[in-house]
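Below is one structure, written out as structure tokens; the observations come after it.
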Amino acid sequence: MSAVYEYRCRWCKNERKPPIEGPCPHCGGCYRCHKKRIGIEGEDEPLPAGPVSIVDLFKHHENDKDLDVRPTGLVGVDHVFGGGLPRFGAILLCATAGTGKTSWLMELLLTLKVRSLIISTEQSKKDLMRQFKRFGDRIKAAKHMSVDSLTSWPDIQDAIDEVKPKILAIDSLHDVEEVTDEQGFGLASSSGGAVTRVAKEIRRMTAEMNMLAFLVGHVANDGQMMGGSHLRHSVDATLVLRRRTEDEKDPMRILGFKGKTRFGRAGHEALYRMSKDGFKDCGPVGADGLADEPEDDDEDEDPPPPPAPPPPRPAPKGPKGPAKKPKLKLVN
């Protein structure tokens, strides 16, 4: 069975029939078309437009596996997301510079054996391999992963349509260029309007393509998420990766949702250790009675107890038999 798509002009919203070539026959505009997945050949009849009975809605999606979560086998990730990753949706992944956002994504996608695509708007393909060459054999076995280096929003859309990933990662959202508004006018790169526009479009695509998207954002040094509230309300959840302490040499990281989330439960966090070999999932943080952290740093361990004192030495034994009295000498 193959998917069925609908194409509409971005300017006049009229439907266009494939092949999509040249200007729109309705308005004459040369704008990219909106591509919307409307079903699969041979599947059940779709629900009618407009309000529907909640009973009919439940029956229609009762056996829909796209509503199930995808367990990752990573204890911390599954804890944060309430059992596993959702099948579709848009997640804003935020952290300060140098925290390890890209490394965490690479670790996650190497572990999951599903078709995935990482698009870097900051690094070339060669730069990415220099950074992650340390993964070695794991990368050689990752035939399910694709990588690209793009900044143009139209090119990014083409790459997504070509690969059709189940999991998408864009690093980072603030460096996407050539973004236009609904009327086709250009928006300044890195502006709030451009970033929010891209986030909304990707969220729409995730529902149509049954795709989960991680959109990497930035956090300023004062802790504020760049992009404002409009960006955060354009996605399904905001995931924050932060250092455990203010010490930049601290290798421990904490992952958890902040503010709005449609996935998992607020307050669930996971602990990670960052090393030259990648991110190690250390499990949940202080939930359900589990240990907050598997401590193994020498500087954090309690000092060993002092050695026990040696047993007392036994008193020396005297000669056998009764003690002899000393002889007295008479002095004239």
HN-Hα J in Hz across region 96-101 - Karplus 6.51, -1.76, 1.60, θ = phi - 60°, x for Gly and Pro: 6, 4, x, 7, x, 4
Under the Karplus curve 6.51 cos²θ - 1.76 cosθ + 1.60, θ = phi - 60°, whole-Hz ³J(HN,Hα) for region 203-210, x wherever Gly or Pro sits: 4, 5, 5, 5, 6, 6, 9, 6
Show the residues, 5+ positions off or on another chain, whose built amide H is closer than 5 Å to the amide H of V285. E269, A270, L271
With no solvent and one equal point scatterer placed on each C-alpha of region 225-270, evaluate the Debye formula and give log10 I(q)/I(0) for q = 0.13, 0.24, 0.30, 0.33 Å⁻¹, two decimals. -0.35, -0.87, -1.04, -1.14
Tell me, what is the 1.4 Å probe accessible area of F88, in Å² to the nearest 10? 70
For the cross-link pairs K36/K258; K35/K164; K133/K276; K65/K140; K65/K164, which exceed 22 Å when the distance is taken from alpha carbon to alpha carbon? K36/K258; K65/K140
Return the long-range amide H neighbours of E177 (sequence gap of 5 or more, or a different chain), with a cut-off of under 5 Å between placed amide H atoms. S152, W153
Mind listing the long-range amide H neighbours of S172? Cut-off is under 5 Å, sequence gap 5 or more, other chains count too, H placed in the peptide plane at 1.01 Å from N. T121, E122
The Rg/Rh figure for region 42-124, Cα atoms and Kirkwood Rh, to two decimals is 1.09
Could you derive backbone 3J(HN,Hα) for region 166-180 from the dihedral phi with the Karplus parameters 6.51, -1.76 and 1.60 (θ = phi - 60°), listing whole Hz in sequence and x where the residue is Gly or Pro? 7, 10, 10, 10, 10, 10, 10, 5, 6, 10, 6, 10, 6, 9, 10
List the extent of the Cα atoms of region 187-253 along each of their three principal axes, largest first, rounded to whole Å. 42, 29, 17
With charges set only on the Cβ (+1 for Lys and Arg, -1 for Asp and Glu), what does the dipole of region 50-198 come to about its Cα centre, in debye to the nearest 20? 900
In region 132-258, what % of DSSP beta bridges are antiparallel (nearest 5)? 60
Among V147, V219, A207, whose Cα sits farthest toward the positive end of the charge dipole of region 123-239 (+1 at Cβ of Lys/Arg, -1 at Cβ of Asp/Glu, about the Cα centre)? V147
Just report the Cα centroid separation between region 150-186 and region 45-75, whole Å. 28
Provide Rg and Dmax in Å for region 64-180, with only Cα atoms included in the calculation. 14.5, 41
Under unit Cβ charges (Lys, Arg +1; Asp, Glu -1), what dipole magnitude, rounded to 20 debye, does region 125-181 have relative to its Cα centre? 800
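The values are calculated or read from the model by the stated rules, or taken from the named source; none is laboratory data. Because the structure is a prediction, the values reported are computed rather than measured. All Cβ positions, glycine included, derive from the backbone under ideal geometry; neighbour counts span all protein chains shown. Side chains included, ligands, DNA and RNA excluded: accessible areas come from the protein's heavy atoms. Shrake-Rupley method; radii C 1.70, N 1.55, O 1.52, S 1.80 Å.
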